[in-house]
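Presented below is the structure to which this report refers.
The values are calculated or read from the model by the stated rules, or taken from the named source; none is laboratory data. Predicted model, so just to flag it, every value in this text is computed and none were measured. So basically every Cβ, Gly included, is an ideal-geometry build from the backbone, and we count neighbours across all protein chains shown. Accessible surface areas use protein heavy atoms only, side chains included; no ligands, DNA or RNA. Shrake-Rupley method; radii C 1.70, N 1.55, O 1.52, S 1.80 Å.
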Amino acid sequence: MSTLSVQVVDERHWRVVIDNPPTNLVTPDFVRDLHATVERIVAAPELKVVVFESANELFWVNHFDLGQIKDFPPLWTDAVIKLSTAPVVSIAKIRGRARGGGDELLLACDIRYASREKAIVGQIEVGTGILPGGGATERLPRLIGRDRALEAILSADDYPAELAERYGWVTRALPDAELDGVVDALASRLAGFDKQALAAAKQQINRATLPPAEDLHAAYQEFLASLSFPGFPKRLGGLRELYGKHGAGLEVDLGPLLGDLP
C-alpha cells in the first residue's frame with residue numbers, strides 16, 4: 001500500500017495525502033512513493049497547484065527511520081529538488097509534527113501554511129548525534145537567517161507554528177479552523193491562473209532563492225557519513241532508554257525530550 005495517495009480535485013489541482021502509520025516516519029517506501037509522486041506531478045501537463053497534507057493530525061511527516069537507513073533508495077535529494085523546481089506550485093498544509101526529513105519536505109514546498117494549534121516544526125538530527133541531510137542546512141538559512149538557522153538546527157528543539165511564522169520558517173500560521181479554507185481558496189485561485197505565467201514567475205523567484213543542487217547532494221552524503229560519528233551509537237542508546245520510559249509518547253514530545261539524553 002502506498003504511503004502517499006493522490007486525490008485529483010481536477011486536472012489543474014491535486015491533493016497529496018500522506019499516510020504512513022503510526023507516526024508518518026520517512027521510510028524507504030515513503031521515499032520511493034514520494035519520488036514517484038513528484039515525477040507524476042512534474043509530468044502532468046495541466047497541473048498548476050498541488051497541496052501536501054497528512055491523514056494524521058499528530059504527524060505531518062516525521063523524521064527518517066534510522067533503523068532502516070541501509071535500505072533507503074538514493075532518491076530523496078532528487079525528489080525534493082524536482083519538487084522545488086517543478087512548473088507547479090506546491091503548498092504544504094501542516095497539521096502535526098514535521099521534524100527532520102518531514103521538515104525538509106515542507107521546506108522544499110513553495111508555500112507553507114501551518115495550523116496554529118497543531119503544527120510543530122524542527123530539525124532533530126544534531127540532538128541525536130548526526131547531521132541533517134535532506135536540505136535543512138541549505139534552505140533554512142535562506143528563509144530565516146544564519147543565526148536563527150543555527151539556533152534551530154543546533155538546539156534540535158521543537159518550534160510551534162506561531163514562532164515558526166515569526167521566523168519566516170512557515171508562510172503563515174493560521175487558526176486550525178481556518179486552515180483548510182485558506183489553503184483551498186489559494187489553491188483554487190492559482191488553479192484558475194495561466195500555468196505558463198505561474199511556472200515562469202516561480203522560476204524567477206527560484207533563481208534568487210534556491211540553494212544549488214550540488215549543495216543538496218553534498219549535504220545528503222554528509223548526513224550518511226555522520227551515521228559513523230562515534231557519538232551517534234550513544235545517543236541512539238539514549239533514545240532507546242527514553243522509549244522505554246515514554247513508549248509511543250516519545251515521538252509526540254521528541255524535541256523537548258532530546259534534551260534529556262545523556
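Points worth noting:
- Unmet criterion (only one of (1) without any contact (Cβ under 8 Å) to a residue 40 or more places away in the chain; (2) under 30 Å from S115 (Cβ atoms)) for D180: (1)
- Members of the stretch 1-58 found to be in a loop (DSSP other than H, G, I, E, B), within 27 Å of V252 (Cβ to Cβ), touching a residue at least 40 places away in the same chain (Cβ under 8 Å) and open to solvent by 50 Å² or more (accessible area, probe 1.4 Å), listed by number: P22, E57, L58
- Residue within the stretch 80-100 that is buried (at least 22 other Cβ atoms within 10 Å of the Cβ), among the charged types (D, E, K, R) and in a helix (DSSP H, G or I) present: no
- Residue pairs whose Cβ atoms lie under 7 Å apart, sitting 6 or more positions apart in sequence or on different chains, and linking a residue in the stretch 209-226 that is open to solvent by less than 40 Å² (accessible area, probe 1.4 Å) to a partner that is among the acidic types (D, E), are P211/E138; L216/E138; A219/E138.
- Against the test of being of a type in the set (A, V, I, L, M), assigned to a helix (DSSP H, G or I), in contact (Cβ under 8 Å) with a residue 12 or more places away in the chain and open to solvent by less than 10 Å² (accessible area, probe 1.4 Å), the options A114, A119, A149 yield a single qualifying residue, A149.
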